[in-house]
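Report on one structure; see the data block that follows.
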Amino acid sequence: MFEGVVRILNAPIRPGRLRLTRRGRLVFSCIPLMLLAVLVLSLSGFLNAPAKAADSIQDLERTPAVSVTVQPGESLWGIAAATAPDRDPRDVIAEIVELNNLSGGRVVPGQQLFVPTT
C-alpha cells in the first residue's frame, strides 16, 4: 500500500502545459483590446478637442462692455436687469461673472464691474 504512495512522491515533477479555459482566453485577449480602445479614444478626444485658442489675434472677438460702479443696495440681478432689460438676467449675470472673474454672486458698493452691452 505504501509502495504506491512512495513511488508517486518520488516521481519526477514535470512542468505541465499552461491550459487556459474559455473564460481565461477571453480575459487574456480582451484586456489588451480594452487598453487599446482606451488609448485610441483618448488620442481621438485629444486631437478633436473643440476648445482651441484663436489662430491669430484678428480672430479674437472683444465683448463690448461698459464699466459700472456698484451702488449701495444693488445686486447683480438688478445691474443685469438695468443694463439689458430685453435679455434673461441669468444670462447677463453669467457674463458679468465671467468678465470680472467673480468667484461668487456677491458685490460690494464701490466695486467696479464690466457689464456686457449686447
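The values are calculated or read from the model by the stated rules, or taken from the named source; none is laboratory data. Small disclaimer: the values here were computed from a predicted structure and weren't measured. In this analysis, Cβ positions are derived from the backbone assuming ideal geometry, glycine residues included, and neighbour counts consider all displayed protein chains.
If you go through segment 82-118 and keep only what is among the acidic types (Asp, Glu) and either under 30 Å from the mean Cα position of the chain (by Cα) or surrounded by 15 or more Cβ atoms within 10 Å (Cβ to Cβ) (or both), you end up with Asp88, Asp91, Glu95, Glu98.
Identify, please: which residue in segment 91-118 is of a type outside the set (Val, Ile, Thr) and in contact with a Phe, Trp or Tyr (Cβ under 9 Å, 6 or more places away or on another chain) and is, among those, modelled with the lowest pLDDT?
Here is the first cut: in segment 91-118, the ones of a type outside the set (Val, Ile, Thr) are 91, 94-95, 98-106, 109-114, 116.
Filter once more, keeping what is in contact with a Phe, Trp or Tyr (Cβ under 9 Å, 6 or more places away or on another chain): 99-100, 105.
Working: Leu99: 88, Asn100: 90, Gly105: 77.
The selected residue is Gly105.
Of the helices (runs of 4 or more DSSP H) lying entirely inside segment 20-118, those carrying at least 2 residues that are at negative phi and in contact with a helix residue (DSSP H, G or I) (Cβ under 7 Å, 6 or more places away or on another chain) are 76-83, 89-100. Within segment 70-87, is even one residue modelled with pLDDT of 85 or more, closer than 30 Å to Gln111 by Cα, out of contact with any His (no Cβ under 7 Å at 6 or more places or on another chain) and among the basic types (Lys, Arg)? Scanning segment 70-87 turns up at least one residue that is modelled with pLDDT of 85 or more, closer than 30 Å to Gln111 by Cα, out of contact with any His (no Cβ under 7 Å at 6 or more places or on another chain) and among the basic types (Lys, Arg). Counting the residues of segment 65-81 that are out of contact with any strand residue (DSSP E or B) (no Cβ under 7 Å at 6 or more places or on another chain) and either more than 15 Å from Thr118 (Cβ to Cβ) or loosely packed, with under 13 Cβ neighbours inside 10 Å (or both) gives 9.
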